[in-house]
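So the structure is just underneath, and the comments pick up after that.
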Amino acid sequence: MKYVALLRRNPQFARLWAAMLISFVGDWFNTIALAAIVSRFTNGSGLAISLFLLARFLPPLLVTPLAGALADRFDRKRLLIISDLLRAVIVLCLLFVQSADQLWLLYLLTMLQFALGSIFEPARSALTPATVQKEDLVQANVLGSVTWSVALWLGALSGGLVAGAFGIATALLVDASSFLISGLMILTIRPVYDATTADPQGFRLRDISDGIRYARQHPDVGSTLLVKFGGSIGNVDSLMIIYATILFPLFITGVVESNDQAGALSLGIIYTGFGIGAVIGLLVIDRFNDGSIQRMRRLIVLGFALITVGWFLFGLAGSIWLAAFAMVIKAMGSNTYWTYSSVILQKTVEDRYLGRMFSLDYAGFQLSTVLSTIVTGFVIETVGNTQAPTVVLVTGGISLIPLLTWAAITRWLERRAAAGTEHAPAVIHAPGD
């Protein structure tokens, strides 16, 4: 009920939230459909699956720094609408991919879609404080993360069922429609709280370097930008696709009998487990959050610990259901670190730098994901996709590194805060200022 009250108190945020929910659900229809296509056309090739994931993660890595500067210089609402409309057109073009010879088109369109998505996310995160009362900011971010999780849960499950029962084309049509509806809803938003207006000087290349300088001169902000990077070490998406389409495809007599349909259904079940864990984890863990920066940093440590446990359970899973349970645990940790690192940035960064800080935040996530995807794909291609569980266990061991690192950073920041040096004022000088 407190989230219902939150939406009633903040009607502009309620519209942004509804648009986000619709768009996220559609995204998972797209993910399930395209992953099934790639796996089917390539017989579960680890390299092909990694190329598909790179097509999703590499463009944002390259575009996100620019996107953050755009979000600080131009109307954020307008950027969101343009991004939604263009992505709807791109998803419709995916309907033309009908054979293995056309996979290049799938990769190209996916790259374009996620390049536009990299403009959407920093702008949405930077717009959120302008649509919600300051005292509601933490709850708004928790609701946003829970919404993403519920959308993952519902979208992955329904996307797997729809793709399996009605075909992949239907799933893509649902995704395209979701972007159109999202764009129309964002059109009705009227930011009311400290909204950033378009800068008459427009975009300047030095805006990007100014953002990097700001992060360097504020250690508490710069350290927070490491959270999503560390939490994204080890690419779980490619491993989930292999688990679902190769190791544990779920056949149902009379309903789901082809490899293509069985893989899509299994993938939907694993992603559903991830979505359930993200919802349950954040709702439970947030009960221990008092809204302070110190408490949220400590909860991020807990999130990293849950990720490590999830990796090891995933590597030991012997069925699609145990794999889904492992994703429940991992997602509890993933959504925790993602949500609280975003809230910390919104609470500590000046509005005129907020878009750039979120762009750097997402760029760290994308860089970690791209590197992990390349390494995972290479290893799977070398040892064979049947050795995926071993790769998962090794990744679980590696995940101890960000856990221990962030625990040390948290302790260091707390000592700085006690000494009165945390977030000391810094003056940002740029050429021409």
* Determine if the range 310-320 includes at least one residue that is in contact (Cβ under 8 Å) with a residue 12 or more places away in the chain and of a type in the set (V, I, T). => yes
When the range 263-298 is checked residue by residue, the ones that are crowded, with 22+ Cβ neighbours inside 10 Å and farther than 21 Å from V150 by Cα are G263, M296, R297
Restricting the range 200-235 to residues that are over 20 Å from Q346 (Cβ atoms) and at pLDDT below 70, the one surrounded by the fewest Cβ atoms within 10 Å (Cβ to Cβ) turns out to be P200
The helices (runs of 4 or more DSSP H) lying wholly within the range 1-97 that contain at least 2 residues that are closer than 21 Å to G183 by Cα, at pLDDT 75 or above and in contact with a helix residue (DSSP H, G or I) (Cβ under 7 Å, 6 or more places away or on another chain) are 11-42, 46-73, 76-93
Scanning the range 1-56 for residues that are more than 27 Å from M185 (Cβ to Cβ) and either without any contact (Cβ under 8 Å) to a residue 12 or more places away in the chain or not aliphatic (A, V, I, L, M) (or both) gives S39, R40, F41, T42, N43, G44, S45, G46, S50, F52
Being closer than 14 Å to T131 by Cα and not charged (D, E, K, R) narrows A14, A55 down to just A14
Given the structure, is T395 within 30 Å of G318 (Cα to Cα), of a type outside the set (D, E), part of a helix (DSSP H, G or I) and modelled with pLDDT under 90?
no
Test T369 against the stated conditions and say whether it is among the hydroxyl-bearing types (S, T, Y), under 24 Å from the mean Cα position of the chain (by Cα), surrounded by 23 or more Cβ atoms within 10 Å (Cβ to Cβ) and modelled with pLDDT under 85.
-> yes
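The values are calculated or read from the model by the stated rules, or taken from the named source; none is laboratory data. These figures come from a predicted structure and were not determined experimentally. Methodologically, a virtual Cβ is constructed for each residue, glycine included, from the backbone with ideal geometry; neighbour enumeration extends over all protein chains shown.
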